[in-house]
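These notes are about the structure you will find just below.
The values are calculated or read from the model by the stated rules, or taken from the named source; none is laboratory data. This is a predicted model, so every value here is computed, not measured. Cβ placement follows ideal geometry from the backbone for every residue including glycine, while neighbour counts extend to all protein chains displayed. Note: areas computed on protein heavy atoms with side chains; ligands, DNA, RNA excluded. Shrake-Rupley method; radii C 1.70, N 1.55, O 1.52, S 1.80 Å.
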Amino acid sequence: MSLDLEQDIKGMLPEKDFDRRDFIWTALGASAALAVSSPVSAQLITTDSEGLDGADISIPTQTGNIRGYRAMPSKGGPFPVVLVCAEIFGLDHYTKDVCRRLAKVGYYAIVPDIYARMADLTTIKDMAEIRPIVAKKTDTELVADYDSSVEFARASGKADLARMGIVGMCRGGRTSLVYTASNPKLKAAVSWYGPVAGQPSEATPRTVMDRVAEFKVPVLGLYGAKDSGVPIADVEKFFAALKAAGVPSELVIYPEAGHGFHADFRPDNYRKADAEDGWNRTLAWLKKYGVA
């Protein structure tokens, strides 16, 4: 397991002091109750579809079709585009709802299920089963899946790709940064607590930090100071490197937040005030850099 994936999983476990052995046994034994819990949080957000066109989709790729979801206003267009990057739990309620939230404010939002070739992660309730599936996803295929999602949006006739950004949470935060480094046609990127460092693996041979020289797109980072999985020192180093390279960037650190503070379906992680502030900053960042 690559270290950046370990960081994602560790960050979603209940706050405590971990040594490496303690973490591995806890993560391997973690059930849905810890990280893959069903949407039962009292704070679960469900965005209605009034005025929206939201649908499950099939996205053609070079290796066959994969599942996806897209949402947009039901009238008008073409709309500015936001590529959405899911957490490690697949195409779940939360990820689809993020798309609908973006559609409510005028975006064509689309998310591919990048793990669909291996499994439907929404049906798996044990982190020990999810972990190796996510670890096998190669960055090369990940980038290709998002390229295919862009082409799907283009073919719809409803997407204005001249106004395109990307937003991702947790493992999706890393996904958003990896794809941003590969696609300079994006106008803006937002990473919510995505790992930027770690130990390379066969599937992920370079970290986000290794890609700093490839970034041309403005990046907003939203992180929790109490994230037990993603070291803030690594994040600060990454954003300092972006600024040194002349890339417009901003890092916001929420002092009392841990990992996953936007994930309203996980009550142990969610922090309503920080999530709302981060969402407002996300929309403002997209607008500031031409994705509006």
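Taking a ≥ b ≥ c as the square roots of the eigenvalues of the Cα gyration tensor, the range 140-209 is classed as prolate, since a/c reaches at least 1.5 and a/b is larger than b/c.
Highest mean packing comes first when the peptides 146-153, 74-81 are listed by Cβ atoms within 10 Å, giving 146-153, 74-81. Counting protein heavy atoms only, the range 178-219 has 50 percent of its accessible area on carbon and sulfur, 1.4 angstrom probe. With the simple spin-label model, which puts each label point 7 Å out from Cα in the Cβ direction, the residue 243 to residue 144 separation comes to 3.9 nm.
Highest mean packing comes first when the peptides 194-201, 219-226 are listed by Cβ atoms within 10 Å, giving 219-226, 194-201. The Rg/Rh ratio for the range 86-198, using Cα coordinates for both the radius of gyration and the Kirkwood hydrodynamic radius, is 0.95. Working note: 222 nm ellipticity from helices only, DSSP H runs with n ≥ 4, each -39,500 (n - 2.57), summed and divided by the residues of the chain, gives -11000 deg cm²/dmol to the nearest 500. Note: the range 159-292, Cα convex hull, 112 Å³ per residue.
Paramagnetic label reach from residue 225 (point 7 Å along Cα→Cβ; backbone nitrogen cut-off under 17 Å): within the range 249-292, residues 251-261, 271-275, 277-278. Straight-line reach from residue 136: taking Cα to Cα under 22 Å and skipping same-chain neighbours fewer than 8 places apart, the lysines in range are 10, 125. Beta bridges assigned by DSSP with both partners in the chain are antiparallel in approximately 35 percent of cases.
Spacing of the modelled spin labels on residue 268 and residue 65, each 7 Å from Cα toward Cβ, amounts to 3.8 nm. For the chain, a crude dipole built from +1 on the beta carbon of Lys and Arg and -1 on the beta carbon of Asp and Glu, taken about the Cα centre, is about 780 debye to the nearest 20.
Note on residue 128 and residue 160: with the Förster distance fixed at 30 Å, the Cβ-Cβ geometry gives a FRET efficiency of about 0.10. Straight distance only, please: which lysines reach the Cα of residue 288 with their own Cα at less than 26 Å, same-chain residues fewer than 8 apart left out? Within reach: 75, 96, 104, 158, 185, 187, 216, 237, 243, 272. Is the shape of the chain best called rounded, prolate or oblate, per the rule: a/c under 1.5 gives rounded, else a/b larger than b/c gives prolate, else oblate, with a ≥ b ≥ c the square roots of the Cα gyration tensor eigenvalues? Rounded, because the longest to shortest axis ratio a/c is under 1.5.
Using only side-chain charges placed at the Cβ, +1 for Lys and Arg and -1 for Asp and Glu, the dipole size of the range 137-292 relative to its Cα centre rounds to 460 debye.
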